[in-house]
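Chemist: I'd like to ask you about the structure that follows.
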Amino acid sequence: MTASTLYEIRDGIAWLTMNRPEAANALNADLRDGLLKGFERFAADDDAAVLVLTGAGEKAFCAGGDLKEMANTGLQIPPPDFVVQPGRTLRVDKPVIAAVNGTAYAGGFLLAQSCDLCIAVDHARFAVTEAKWGRGSPWAAPLPWLIPPRVAMELLMTAAPITAQRAYEVGLVNKVVPGPELAEAAQEMALTIAGNAPLTVRAGKAMVYATAELARTQAWEEAERLYRPVYLSEDALEGPKAFREKRKPEWRGR
């Protein structure tokens with residue numbers, strides 16, 4: 001890890017924290033490197049079932065790219081892996097939850113969008129601010145799949161923030177909670193997911209993303225392909241057996 005990131009395991013749940021609260025967790029080189037290493041560590045860690053991504057402090061999840069650093073380096077077109085994008089620049093089969101503790105602007109919006117699920121505090125704000133600074137947001141290409149196209153247009157063209165409540169209403173956020181309840185709510189969701197059959201959970205994630213790129217008939221075919229090894233797994237027998245024996249399933253992930 002790096003000085004700008006923290007990685008810890010809480011009851012089998014990985015927590016990756018952006019730790020530059022004095023700079024609104026802006027994405028400088030050290031923080032970007034730490035995020036990549038954190039996601040790589042989680043992807044390879046068989047003992048961590050779910051990752052929660054959050055920011056230090058109560059004001060900002062992540063304010064986006066470090067504009068001072070960009071000005072100093074003369075950055076023009078950032079490569080897709082300028083900041084890690086789970087599912088695009090790095091394969092992450094297990095679930096990732098964004099616990100948005102404050103503003104999620106530009107690159108911070110990118111990170112929240114890249115996670116599979118999102119819980120936000122009630123004072124959080126979401127914005128694609130690039131139009132204000134003459135920058136670009138090609139990473140937002142999946143946005144019209146996540147939310148209505150006209151809301152995506154509004155975000156991209158006005159660069160104005162929306163509240164956590166509106167983000168929830170348009171489907172960008174799964175749940176809104178008071179600030180003091182964020183960590184508990186994210187951990188609770190993560191533990192609920194972790195308690196389910198891991199192969200089924202991962203297949204569900206893979207199916208949602210795969211079918212977004214396919215026509216209806218192809219989507220069914222791809223879903224059948226993804227779930228076939230789940231049906232043939234030991235866990236597929238363990239679930240009904242545990243139900244019959246009135247006990248909690250013992251998942252093996254195989």
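Chemist: Return yes or no: is GLY87 surrounded by fewer than 21 Cβ atoms within 10 Å (Cβ to Cβ) and either small (Gly, Ala, Ser) or at pLDDT below 95 (or both)?
Modeler: yes
Chemist: Could you figure out which of (1) outside any helix (DSSP H, G or I); (2) more than 20 Å from VAL100 (Cα to Cα); (3) in contact (Cβ under 8 Å) with a residue 60 or more places away in the chain isn't true of VAL201?
Modeler: If we test VAL201 against (1) outside any helix (DSSP H, G or I); (2) more than 20 Å from VAL100 (Cα to Cα); (3) in contact (Cβ under 8 Å) with a residue 60 or more places away in the chain, just (1) comes out false.
Results for (1) of a type in the set (D, E, K, R); (2) farther than 15 Å from LEU172 by Cβ; (3) in the same structural domain as TYR168 (by TED's automatic domain parsing), shown as yes or no for each residue.
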position: ARG91; (1), (2), (3): yes, yes, yes
position: ILE97; (1), (2), (3): no, no, yes
position: VAL100; (1), (2), (3): no, no, yes
position: ALA120; (1), (2), (3): no, no, yes
position: VAL128; (1), (2), (3): no, no, yes
position: TRP133; (1), (2), (3): no, yes, yes
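Chemist: Among (1) under 24 Å from ALA43 (Cβ atoms); (2) surrounded by 22 or more Cβ atoms within 10 Å (Cβ to Cβ); (3) touching a Lys or Arg at 6+ places or on another chain (Cβ under 7 Å), where does ASN101 come up short?
Modeler: (3)
Chemist: Further, regarding this structure: Looking at this structure, is LEU156 touching a residue at least 24 places away in the same chain (Cβ under 8 Å), surrounded by fewer than 17 Cβ atoms within 10 Å (Cβ to Cβ) and farther than 25 Å from PHE42 by Cβ?
Modeler: The answer is yes for LEU156.
Chemist: Going by the conditions given, is GLU169 of a type in the set (Asp, Glu), loosely packed, with under 14 Cβ neighbours inside 10 Å and in the same structural domain as ILE13 (by TED's automatic domain parsing)?
Modeler: No; evaluated as a whole, the condition is false for this residue.
Chemist: Let me ask something else about it. Consider region 109-132. How many of its residues are modelled with pLDDT of 95 or more and farther than 19 Å from ALA185 by Cβ?
Modeler: Applying the first criterion (modelled with pLDDT of 95 or more) to region 109-132 yields 109-128.
Still in the list and also farther than 19 Å from ALA185 by Cβ: 109-110, 113-114, 127-128.
Number satisfying all stated conditions: 6.
Chemist: Which condition number in (1) assigned to a loop (DSSP other than H, G, I, E, B); (2) farther than 21 Å from ALA48 by Cα; (3) not β-branched (Val, Ile, Thr) is the one that ARG254 fails?
Modeler: ARG254 satisfies every listed condition except (2).
Chemist: Of the residues ARG91, ARG10, which single one is more than 19 Å from LYS205 (Cβ to Cβ) and among the basic types (Lys, Arg)? So that I can check it myself, show each step before the final result.
Modeler: On the way: ARG91 fails: more than 19 Å from LYS205 (Cβ to Cβ).
Sole residue among the options that is more than 19 Å from LYS205 (Cβ to Cβ) and among the basic types (Lys, Arg): ARG10.
Chemist: Still on this structure, I have one more. Counting just the residues of region 137-153 that are within 18 Å of CYS62 (Cβ to Cβ) and touching a helix residue (DSSP H, G or I) at 6+ places or on another chain (Cβ under 6 Å), which one comes out surrounded by the most Cβ atoms within 10 Å (Cβ to Cβ)?
Modeler: Checked region 137-153; the qualifying residue surrounded by the most Cβ atoms within 10 Å (Cβ to Cβ) is TRP139.
Listed here are the residues, each with its yes/no results for (1) free of Cβ contacts under 8 Å to residues at least 12 places away in the same chain; (2) in a helix (DSSP H, G or I); (3) among the aromatic types (Phe, Trp, Tyr); (4) under 20 Å from ALA183 (Cβ atoms).
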residue	(1), (2), (3), (4)
THR2	no, no, no, no
LEU6	no, no, no, yes
LEU16	no, no, no, yes
ARG32	no, yes, no, no
LEU35	no, yes, no, yes
GLY38	no, yes, no, yes
PHE42	no, yes, yes, yes
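Chemist: Further question: Restricting the search to region 33-49, which residues are over 23 Å from GLY195 (Cβ atoms) and surrounded by fewer than 22 Cβ atoms within 10 Å (Cβ to Cβ)?
Modeler: Within region 33-49, ASP33, LEU36, LYS37, GLU40 qualify.
Chemist: Out of all the residues in region 214-234, is one or more in contact with a Phe, Trp or Tyr (Cβ under 7 Å, 6 or more places away or on another chain), more than 21 Å from GLY108 (Cβ to Cβ) and in a helix (DSSP H, G or I)?
Modeler: Scanning region 214-234 turns up no residue that is in contact with a Phe, Trp or Tyr (Cβ under 7 Å, 6 or more places away or on another chain), more than 21 Å from GLY108 (Cβ to Cβ) and in a helix (DSSP H, G or I).
Chemist: On to the next question. Checking LEU191 against (1) under 23 Å from GLY108 (Cβ atoms); (2) out of contact with any strand residue (DSSP E or B) (no Cβ under 6 Å at 6 or more places or on another chain); (3) part of a helix (DSSP H, G or I), which single condition isn't satisfied?
Modeler: (1) is the only condition that LEU191 fails.
The values are calculated or read from the model by the stated rules, or taken from the named source; none is laboratory data. Just so you know, these numbers come straight off a predicted model, no measurement behind them. Positions of Cβ are generated from backbone atoms using ideal geometry, with glycine treated the same way; all protein chains shown enter the neighbour counts.
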